[in-house]
Amino acid sequence: MAKKENTQEIEDTQVDGNLQEDVATEKEATEALSEVDQLKSDLEAEKDKFLRLFAEFENYKRRTTKERLELFKTAGQEVIQSLLPVIDDFDRALTEIEKAKDKELAKGVGLISNKLKETLKSKGLEETKVKAGDTFDAELHEAITQIPAPSKKMVGKIVDVIEKGYTLGDKIIRFPKVVTGK
């Protein structure tokens, strides 16, 4: 009988050992699954972080490219603005030379003036087209003064252009100075 009890104990110990192994294996499996879930969530977080960083970098590239193009468009703006009074002086000189009726001098000064204007035009400078009789627009013109309108049609309109305006690309760099009728 002692042999039978010993056999029973051995069998019980083996069952207990198997149960313990099963419990340990189950715990390991549960831990492995939770570790896999944790790794999956970490991977998703890193993917999201990467996508956001990539999108941010693309926006940065687009923004810097746009800023660089804008800089190139208006890089010479200060130089061109400093040359505008020279253009005005050429226009006044041509007007006075034509009064003196010296054809050769007028032709020479006219050629130099045209060369300067064409060079600046190739760099993006455009003269704002304004003439007497146009409607005054405060966003496009600078009113120097108001005078009584010569006729009822000229009320609120441009009576005289004192100084030409210019644009560089799409940007107004000098507003035309005008006299309006009231």
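The values are calculated or read from the model by the stated rules, or taken from the named source; none is laboratory data. Nothing here was measured: the structure is a model prediction, and the numbers come from that model. Cβ coordinates were reconstructed from backbone atoms using ideal geometry, including for glycine residues, and neighbour counts include every protein chain displayed.
Just to be sure, is L69 within 27 Å of the chain's Cα centre (by Cα) and on the phi < 0 side of the Ramachandran plot? Write out each step before concluding.
Values: within 27 Å of the chain's Cα centre (by Cα): yes; on the phi < 0 side of the Ramachandran plot: yes.
When the stated conditions are applied, L69 passes them.
Tally the residues that are polar (S, T, N, Q) and outside any helix (DSSP H, G or I), restricting the search to segment 45-82. Show your work before the answer.
Initial filter on segment 45-82 (polar (S, T, N, Q)): 59, 64-65, 74, 77, 81-82.
From what's left, outside any helix (DSSP H, G or I): 74.
Matching residues across segment 45-82 total 1.
Can you say whether V130 is under 21 Å from R174 (Cβ atoms), surrounded by 10 or more Cβ atoms within 10 Å (Cβ to Cβ) and assigned by TED's automatic domain parsing to the domain that holds I172, as far as the supplied structure shows? Reasoning before the result, please.
On the way: under 21 Å from R174 (Cβ atoms): yes; surrounded by 10 or more Cβ atoms within 10 Å (Cβ to Cβ): yes; assigned by TED's automatic domain parsing to the domain that holds I172: yes.
For V130, the condition - under 21 Å from R174 (Cβ atoms), surrounded by 10 or more Cβ atoms within 10 Å (Cβ to Cβ) and assigned by TED's automatic domain parsing to the domain that holds I172 - is met.
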## Note on the structure
Heads up, the strands (runs of 3 or more DSSP E) in segment 83-182 (entirely inside) with at least 1 residues that are in contact (Cβ under 8 Å) with a residue 60 or more places away in the chain and more than 29 Å from L69 (Cα to Cα) are 158-163
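If you take the residues of segment 103-161 that are of a type in the set (S, T, N, Q) and under 31 Å from the mean Cα position of the chain (by Cα), which of them is modelled with the highest pLDDT? Outline the logic, then answer.
Quick first cut of segment 103-161, residues of a type in the set (S, T, N, Q) only: 113-114, 119, 122, 128, 135, 145-146, 151.
Those still in the list that are under 31 Å from the mean Cα position of the chain (by Cα) too: 119, 122, 128.
On the way: T119: 93, S122: 90, T128: 90.
Among those that are of a type in the set (S, T, N, Q) and under 31 Å from the mean Cα position of the chain (by Cα), it is T119.
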### Summary
Reported set for segment 143-182 where residues are among the charged types (D, E, K, R) and surrounded by 14 or more Cβ atoms within 10 Å (Cβ to Cβ) is K157, D160, E163, K164, R174, K177
